[in-house]
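One structure is given below, encoded as C-alpha cells.
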Amino acid sequence: MANESQVSLGPSRGRQETMQRRALGRSRLETLPLALGGNVFGWTADERTSFEVLDHFVGAGFSLVDTADTYSRWVPGNAGGESEAIIGRWLKSRSKRNQVLVATKVGGEMAPGSKGLSARHIKSAIEDSLRRLQTDYVDLYQAHFDDPAVGFEETLRAFGDLIAAGKVRAIGLSNHDMDRLKAALEVSKAHGLPRYETLQPLYNLYDRQDFEQNLAPVCRAEGLGVINYYSLASGFLTGKYRSENDVSASARQSSNRKYMTERGFRILRALDEVAARTGARPAQIAIAWLIAQPDVTAPIASATSVEQLQELIAAARLSLDEEALVLLNAASAYGAET
C-alpha cells in the first residue's frame, strides 16, 4: 500500500532541472517521475482537500494517480472504494480524464470471500472500480497481492479480456517476489498473453536490498516500469523519528521502530548533511535519491495538503549531485546490519 509522505518538506535551494517523462514498461503510457498516492483520499484527506491536491498535481503537469479498490477499507466506517469514488467525482467535475493516468488495483479483500486474482473476481472488480471512478477505462490495472491459489494463465487471460474490451490499457503487479514475478512473465511469453508492464515494490533509502538484488535485475532485463511505495520508509526518512519518544508519540509506532537501527541513524545523518548543503529537507532528498535510481520510473508519495504536494513536486525537480549520491549510497549500503 502506498501510505506515504504525510509530512511538511519545505523549500529547497538545490539544483532544479526539467523533468523528463518516463515509460511505464513497454506500454505506450508515460509519466513524469512522481506518482500521487491516493490512499489518503477519504482517510486523512477529506474530499475537498483531495480535490485541491488533485487540481494542483495535474496543474503542475503530473498525471499518474495510484489508488486501489480497497482504499481505505481499514478506516472505521469505511467499506473500501472511498479513494476511487473521490477520484471519480473529481474526474467528472473537472473533465480532465485525458490528462490523468489512473492506476488502481485488484485482489485485496473488499468483503469476506471477495478477493484474489480469479477471472471471476477480476471481471467483477473492474466493473465496480469503473463505476466508482466514473470512467470507462483504467490506464494501469494492477494485481495488488499475489494469489497462489489461482494460476497465472487464468489471471492474465482475464486481464487480456479487459484490455481487448478497452476497459484497461496496461497491467502491473505489486507485492510479488522475484520468483513469482519471473513466473508470471514466463506465462505471458509462453501463451501469448498480455504481460505485466509495471512492478510496485517496497523501495527506499533504507529498504534497498530485496529490490536491488532480486527484483531490479528482472525489471531491467524485461523493461518493466517501477512505481515504488513507502518512498519515505513510513515517514522515518523525514527525520522526524530519532528517538524512542518520537516513535512512541507517533501513530506509526511499529512501522517506524524497525528503522531505528545503527544503519537507520547513519542514513539520517547523511540526509542531514546533504540537506545542510542544498537547503532541501531530508524527505525531499530521499525522494530525489529514488528518482535518480536508474530502475525507478516514479516513486509514489501522498499528500494531505496542497502545501505538502508543492514540496513533493519540488523534490521531484531536485537534482542531486554526484557527491550527494555517493554519500547517500554509502550511508545506506546494506550488509550484515540492515
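The values are calculated or read from the model by the stated rules, or taken from the named source; none is laboratory data. What you are looking at is a predicted structure, and each value in this text was computed from that prediction instead of being measured. Here the Cβ positions follow ideal geometry from the backbone for every residue, glycine too, while neighbour counts run over all protein chains shown. Accessible surface areas use protein heavy atoms only, side chains included; no ligands, DNA or RNA. Shrake-Rupley method; radii C 1.70, N 1.55, O 1.52, S 1.80 Å.
A few notes on this one:
Residue by residue, here is whether (1) open to solvent by 40 Å² or more (accessible area, probe 1.4 Å); (2) hydrophobic (A, V, I, L, M, F, W, C); (3) at pLDDT below 95 holds:
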site: Ser174; (1), (2), (3): no, no, no
site: Val187; (1), (2), (3): no, yes, no
site: Ala190; (1), (2), (3): yes, yes, no
site: Phe211; (1), (2), (3): no, yes, no
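- Count of residues meeting criterion [assigned to a helix (DSSP H, G or I) and within 28 Å of Ala275 (Cα to Cα)] in the range 217-242: 6
- Count of the range 192-225 residues, restricted to those that are closer than 23 Å to Asn329 by Cβ and of a type in the set (Ser, Thr, Tyr), is 2.
Okay, residues lined up against (1) part of a loop (DSSP other than H, G, I, E, B); (2) of a type in the set (Asp, Glu):
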residue	(1), (2)
Thr70	yes, no
Val75	yes, no
Gly80	yes, no
Glu84	no, yes
Gly88	no, no
Ser93	no, no
Ala103	no, no
Gly108	yes, no
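- Matching entry among Val138, Val150 (being over 26 Å from Ala23 (Cα atoms), buried (at least 18 other Cβ atoms within 10 Å of the Cβ) and in contact with a Ser or Thr (Cβ under 7 Å, 6 or more places away or on another chain)): Val150
- Search result, residues across the range 281-312 that are closer than 27 Å to Leu215 by Cα, in a helix (DSSP H, G or I) and either open to solvent by 10 Å² or more (accessible area, probe 1.4 Å) or among the hydrophobic types (A, V, I, L, M, F, W, C) (or both): Pro282, Ala283, Ile285, Ala286, Ile287, Ala288, Trp289, Leu290, Ile291, Ala292, Leu312
- Residue in the range 321-338 that is least open to solvent (accessible area, probe 1.4 Å), counting only those that are closer than 18 Å to Glu212 by Cβ and either assigned to a loop (DSSP other than H, G, I, E, B) or not hydrophobic (A, V, I, L, M, F, W, C) (or both): Ser332
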